[in-house]
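First comes the structure, then the notes that go with it.
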Amino acid sequence: MTATDAAKNHPLAPPSHPQRWLILGVICLAQLTVLLDNTVLNVAIPSLTRELDASTADVQWMINAYSLVQSGLLLTAGSSADRYGRKKMLVAGLALFGIGSLIAGLAESSAQLIAARAGMGVGGALLMTTTLAVVVQIFDDSERVKAIGIWSTVSSLGFAAGPLIGGVMLDHFWWGAIFLINIPVAVIGLVAVVRLVPESKNASGDRPDLLGALLSTIGMAAVVYAIISGPEHGWTSGRVLLTAFTGAAVLTGFVLWELHIPYPMLDMHFFRNQRFVGAVAGAVLVAFGMGGSLFLLTQQLQFVLGYGPLEAGLRTAPLALSVVALNLTGLGARLVPKLGTPATIATGMGLLAAGLAAIALLGRHGYGGTLLGLLVMGAGIALAMPAMANAIMSAIPPEKAGVGAGVNGTLAECGNGLGVAVLGAVLNSRFAALVPSAVGAASLPAALAAAHGAEERARITDAFASGLETSMLGGAVAVLAGGLLAALLLRRAERGQSAPADPAATAA
């Protein structure tokens, strides 16, 4: 049998589709839009607090509703696409994302916007898990690596460029435009998918784990709610403790359910593999550092340094540009064979932590320190992310490659949501401790508006800047610890794998 014949007979390795690059362009555009919505709201925070009278907790929920729903459904969406058809799921995802964007753009209250963002998260989950599967489907072995590289670069760009795109839109339009711009993209994507993308499915695939998706989403939402509401209601209050306990109990139920059923959304036996656990720890904390730092940084640029939305977005662009530039050069992929996966991840996470610390310590009084921190963060992300993705995929059996991709996406979304929640909570707690008189205000602009005189306004701004510094440093410590833990576990896993090959060790 020739290689061509084998490709024809293997469902995951068909001959290249004649319009594959056009399809890739459409898929990348849809993927970019979904990922931009993870961070595009960051620069709109002042507009939302002013025009919707949104509190800090409301804004955090506007951001987290999208990422939490999406992360809870990613694995189930992937298995549904495999079973019922990837093209069908792409169409459904684009339709839901477009409808949710329309409702979000026309929202008149914080509650409406939060609900719309949750609906967009459902569509985003269907899109994110299906786009990579379609890329694998339409490209043969000779071009697939290049195509996935382009897809990965667009993913990195989408996550980091949200503040810049949001700033450009807010400089010319009202805040709802950052959602309405998604609608023409969704329509173009729908037409292109219907006309160009071939259908593929595996009718004998695992059944979707609907209860698992429900449990994971509820558990994550409860935990993050407890983190967000802690500074406002008190960490030992009955509301916070009950919500945290409920979240922990539901997540425990999720783990037990996944261990019990024959078709789990996430096979918990993967966590017996130290290589998998190490890569998972690193992936969560990279997303934690990126999501939380962008949430804080855009507020620092606008509230503390006084930049407008477009200016703030432009000043976060170096992070996106450095990640994309280094990804396109393949620096991380070339360093892994030379340094090894553990050292590459430790180096990347160390750089990410150093970038966060630089922003905290040097960025308070000007943009120069922030620029340095963003460039160092970008270098760390470009080093760590390819190494961690490779470690996750290599720790999972080839027949579970789709699950591996879903795990990677789920971890990124969970890390992003937790980064916003945890670092935002640290900021709020520090701010409340320094300015007790401003605790009753729903947001920093509200506290400034209620201030009596320039001296009190300056004290409030300084307290907010101090809270940002504490949050950034806390994020740096968490990222550095996660990088060292990931490297340690990966190193131990590699030694464990090589030990059986040693005759003396075997004899012992």
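The values are calculated or read from the model by the stated rules, or taken from the named source; none is laboratory data. Note that the structure is predicted; figures quoted are calculated from it, not measured. Cβ coordinates were reconstructed from backbone atoms using ideal geometry, including for glycine residues, and neighbour counts include every protein chain displayed. Ligands, DNA and RNA are excluded from the accessible area calculation, which covers all protein heavy atoms including side chains. Shrake-Rupley method; radii C 1.70, N 1.55, O 1.52, S 1.80 Å.
Here L22 sits with roughly 100 square angstrom of accessible surface, probe radius 1.4 Å. Over region 226-348, what percent of the accessible surface lies on carbon and sulfur atoms, probe 1.4 Å? Reported share for carbon and sulfur atoms: 68 percent. Computed over protein heavy atoms with a 1.4 angstrom probe, the accessible surface ordering of V191, V69, largest first, is V191, V69.
Between W21 and L331, the simple spin-label model (points 7 angstrom out along Cα→Cβ) gives 2.8 nm. Calculated translational diffusion coefficient of region 214-344 (10 °C, 1.306 mPa s; Stokes-Einstein with Kirkwood radius over alpha-carbon pairs) equals 85 µm²/s. Modelled spin labels at E494 and S237, positioned 7 Å past Cα toward Cβ, are 4.8 nm from each other. A simple spin-label model places pseudo-atoms 7 Å from Cα toward Cβ; at L362 and V191 they are separated by 4.8 nm. Per residue, the convex hull spanned by the alpha carbons of region 17-70 comes to 78 Å³.
So, with a 1.4 angstrom probe, what is the percent of accessible area on region 15-133 that is carbon and sulfur? Of the solvent-accessible surface of region 15-133, carbon and sulfur hold 67 percent.
Given R0 = 30 Å, the distance between the Cβ atoms of H269 and K88 translates into a calculated FRET efficiency of 0.50.
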